[in-house]
1. Which pairs turn up if I take residues in segment 36-55 that are within 13 Å of residue 156 (Cβ to Cβ) and look for partners that are among the hydrophobic types (A, V, I, L, M, F, W, C) and open to solvent by 70 Å² or more (accessible area, probe 1.4 Å) with beta carbon separation below 6 Å, at least 6 apart in sequence or on another chain?
2. Considering only segment 328-355, how many residues are open to solvent by 20 Å² or more (accessible area, probe 1.4 Å) and in a loop (DSSP other than H, G, I, E, B)?
3. Give the number of residues within segment 427-445 that are assigned to a loop (DSSP other than H, G, I, E, B) and either touching a strand residue (DSSP E or B) at 6+ places or on another chain (Cβ under 7 Å) or under 13 Å from residue 256 (Cβ atoms) (or both).
4. Keeping to segment 271-300, report how many residues are over 23 Å from residue 437 (Cβ atoms) and open to solvent by 10 Å² or more (accessible area, probe 1.4 Å).
5. Output the number of residues of segment 384-421 satisfying the condition of being more than 17 Å from the chain's Cα centre (by Cα) and among the hydroxyl-bearing types (Ser, Thr, Tyr).
6. Counting only residues that are charged (D, E, K, R) and crowded, with 17+ Cβ neighbours inside 10 Å, which one in segment 368-390 is farthest from residue 181 (Cα to Cα)?
7. Which of the residues that make up segment 220-270 are surrounded by fewer than 21 Cβ atoms within 10 Å (Cβ to Cβ) and either of a type in the set (Ser, Thr, Tyr) or part of a strand (DSSP E or B) (or both)?
8. Take segment 120-157 and flag every residue that is within 19 Å of residue 12 (Cα to Cα) and either surrounded by fewer than 17 Cβ atoms within 10 Å (Cβ to Cβ) or of a type in the set (Phe, Trp, Tyr) (or both).
Amino acid sequence: MEFNSSSPYPEGVISFLDTDLYKLTMQCAVFKFFKDVPVTYAFTNRTPEKRLSRAAFNWLNDQIQKLGNISLSDEEGQFLESKCLYLTPEYLDFLRNFRLNPRDQIDIQFHHAEGEAGADSELGDVALSIKGTWAETILYEIPILALTSEAYFRFMDTDWNYDGQEEKAYEKGMRLLEAGCITSEFGTRRRRDYHTQALVFRGLVRASKDAEANGFPGKLSGTSNVHLAMRFNMSPVGTVAHEWFMGTAAIFDDYKKATEEALHHWVNCFGSNLSIALTDTFGTPEFLKSFSLPVRPLEGVPVKDEFKKPDGSLKSYAELFNGIRQDSGDPVTYAKSIRQYYDEQGIKDKKVIVFSDSLDIDKCILYKKAADELNLQPTFGVGTFLTNDFVHTRTGTKSTPMNIVIKLSSAAGRPAIKISDNIGKNMGPKELVNKVKEELGYVEHEWKEGDETSRWGKEEKQ
């Protein structure tokens, strides 16, 4: 039985809040500090063998244009006011009148693949770029990635159905909760479609209730998808992405000071709220140098009490933040280095470590054990393993997800780059990446599981 493109379930992006929370939090900070900065974004398909047909591309283009029709409803605005208290009133007022403008801000083209022919059946690659001010374009990433994935599995790989998705998620949730894992669902960007993600989260919520009844030590902390959080009356989960650090670095054009500038602006927007730091944009060792510095308040603004130690001196960013997020490189090696760092800083509080890089259940359990032994509090953001875990119905072989990303490519007229903790996730002009690596004394790392073309396995030939 194949996926039916005339399925009764909603297609595309169904709500303004059908996005990940960290896009809203970053838009809030951008609105406060950098809203009129011009930026561009670029799309990359790390699984280039997964191409679209002309029909799939046309559907994708139509869905992207429809994003301009979506706005924040009164109910959605009230949800953000009640559940996301860190979002500023000024930002929420801006959001109520905000509209995307894909016709003017997005350039999307279909490039024919070499040697392919035919009318509607011809295959090609998607070339997509985004251009506008940072505040006006920051929300495109998540819906466009979700729509691209949906287009592929709606038109190209159609030998699948929804059967068993909720139950599969329930079983995964029970295993994670029994093992004591604190887990949130992070799967919007590369989901099969919205209905799949809703089924998955319903299964996780059911597992959470049964696990609690059984006394299991784990916890479902929520979902990054703001619309699903609203549907299930939970607080959405998320803080910040690489984009914040990439954009700040390009704006200030000083990579030795860029990380501190990003942290400075973030805490002066949110205080100690949303204080899980993403460390790997320019390599974790470089991040930790800035993390050790005292919090820098805004000039001319009274210093917040939460920035101060009992003796009145300023906390370091590492002391202020609840913890860090690991998103590239070897997670166990990373956790050991973070433990050593906190020890060297004399920080005795039990800090959070969030693992979020291509997780499955076995990895979560392994990393939990490592973090527990290091006296760190592990939590897990599990995404594609939950929302795009299918097999082909006729053969039982794995139906592998697309690995697609949209990243900031420039800000304030300068290229934006990402270096990361393993070479497979480097992004931006090679010349600038190499220059910044040399400037920062970056040490190159490769991780045996860092092959971005097969993060969720290779497609088996049918």
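1. These pairs meet every condition: 53/155; 55/155.
2. Looking only at that region, the number is 6.
3. Looking only at that region, the number is 4.
4. Of the residues in segment 271-300, 10 are over 23 Å from residue 437 (Cβ atoms) and open to solvent by 10 Å² or more (accessible area, probe 1.4 Å).
5. 6
6. 389
7. 221, 235, 255
8. 140, 152, 153, 155, 156, listed by residue number.
The values are calculated or read from the model by the stated rules, or taken from the named source; none is laboratory data. Source: prediction; values computed, not measured. So basically every Cβ, Gly included, is an ideal-geometry build from the backbone, and we count neighbours across all protein chains shown. Quick note on the areas: whole protein, heavy atoms, side chains included, nothing else; ligands and nucleic acids left out. Shrake-Rupley method; radii C 1.70, N 1.55, O 1.52, S 1.80 Å.
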